[in-house]
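Asker: First the structure, then my questions, so here it is.
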Amino acid sequence: MHTVLEQMRTRRSTRSFSGQAVPQEILDQIIEAGTYAASGMNRQQTIIIQVTDRAMRDEISRMNCAIGGWKEGFDPFYGAPAMLIVLARKDCPTGVYDGSLVMGNLMLAAHALGVASCWIHRAREEFETAWGRELLRSLGVEDEYVGIGHCALGYATDALPEPPARRPHRVFRIG
């Protein structure tokens, strides 16, 4: 348990990635960790899309940038060479929560394996577009899904910051 707690204490989001590719065997381990996230009634209704193709990664970056309202040329994925996009079935009542747990597992596993990560939002908006629905169809995904987040992955160019002190008065006890 000590190792897991230490990973939780030291994981930080990175916003400056080198262009170095993450080996597929490492990505496979990170993805496997995501598939073991808890889910409501063990439904396992989330999916993970791995994107390492540079052209597709850049297309998603441009779409995310437009949704976020940034100027053309800004990269909301901070140069990360890989991303894992988490989606949940729209008809699953715990889908957003389940997908959030998947994202947490992905980021913790990445950190444990020496890979930096950052949760990037706007997946919901991306997959509400005709483009997003067509991308899912092209992958053979037939059901309706909602985007939960992008897990940007790569190797950090800067050292991870020290964890800030935990805010007080966040834990209450009964009994």
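The values are calculated or read from the model by the stated rules, or taken from the named source; none is laboratory data. Note that the structure is a prediction, hence the values are computed from the model and not measured. Neighbour counts run over all protein chains shown; Cβ positions are idealised from the backbone, glycine included. Calculation scope for accessible area: heavy atoms of the full protein, side chains included, ligands and nucleic acids excluded. Shrake-Rupley method; radii C 1.70, N 1.55, O 1.52, S 1.80 Å.
Asker: Suppose we filter the range 93-106 for residues that are in contact with a Ser or Thr (Cβ under 8 Å, 6 or more places away or on another chain) and in a loop (DSSP other than H, G, I, E, B); how many remain?
Answerer: Counting residues in the range 93-106 that are in contact with a Ser or Thr (Cβ under 8 Å, 6 or more places away or on another chain) and in a loop (DSSP other than H, G, I, E, B) gives 1.
Asker: Please find, among Ala80, Ala37, the residue that is touching a Phe, Trp or Tyr at 6+ places or on another chain (Cβ under 6 Å), hydrophobic (A, V, I, L, M, F, W, C) and either within 24 Å of Arg133 (Cα to Cα) or in a loop (DSSP other than H, G, I, E, B) (or both).
Answerer: Values: Ala37 fails: touching a Phe, Trp or Tyr at 6+ places or on another chain (Cβ under 6 Å).
After applying the criteria, what remains is Ala80.
Asker: Can you list residue pairs whose Cβ atoms sit under 7 Å apart, with the first residue in the range 151-175 being modelled with pLDDT of 95 or more and among the small types (Gly, Ala, Ser) and the second being exposed (fewer than 10 other Cβ atoms within 10 Å of the Cβ) and part of a loop (DSSP other than H, G, I, E, B)? Count only pairs 6 or more apart in sequence or on different chains.
Answerer: none
For (1) open to solvent by 10 Å² or more (accessible area, probe 1.4 Å); (2) within 23 Å of Met63 (Cβ to Cβ); (3) more than 16 Å from the chain's Cα centre (by Cα), each residue gets a yes or a no:
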residue	(1), (2), (3)
Thr94	yes, no, yes
Leu113	yes, no, no
His150	no, yes, no
Pro161	yes, no, yes
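Asker: Take the residues in the range 115-148 that are outside any helix (DSSP H, G or I), in contact (Cβ under 8 Å) with a residue 12 or more places away in the chain and among the small types (Gly, Ala, Ser); name whichever of them is surrounded by the fewest Cβ atoms within 10 Å (Cβ to Cβ).
Answerer: Ranking the candidates gives Gly147 first.
Asker: Any idea which residue in the range 50-79 is nearest to Thr157 (Cα to Cα), counting only those that are touching a residue at least 60 places away in the same chain (Cβ under 8 Å) and touching a helix residue (DSSP H, G or I) at 6+ places or on another chain (Cβ under 8 Å)?
Answerer: Phe77
Asker: Find the residue count for the range 122-175, including only residues that are hydroxyl-bearing (Ser, Thr, Tyr) and over 26 Å from Asp91 (Cα atoms).
Answerer: Kept after step one, since they are hydroxyl-bearing (Ser, Thr, Tyr), are these residues of the range 122-175: 129, 138, 145, 155, 157.
Of the ones still in play, those that are also over 26 Å from Asp91 (Cα atoms) are 155, 157.
Looking only at that region, the number is 2.
Asker: Quick check on my filter: what residues within the range 1-34 are over 18 Å from Trp119 (Cβ atoms), part of a loop (DSSP other than H, G, I, E, B) and open to solvent by 40 Å² or more (accessible area, probe 1.4 Å)? First the steps, then the outcome.
Answerer: Step one: of the range 1-34, the residues over 18 Å from Trp119 (Cβ atoms) are 1-6, 18-21, 23-26, 28-29, 32.
Adding the requirement that they be part of a loop (DSSP other than H, G, I, E, B) leaves 1, 18-21, 23.
Result: Met1, Gly19, Gln20, Ala21, Pro23.
Asker: Within the range 39-92, take every residue that is basic (Lys, Arg) and in contact with an Asp or Glu (Cβ under 6 Å, 6 or more places away or on another chain) and give me the one that is most open to solvent (accessible area, probe 1.4 Å).
Answerer: Lys90
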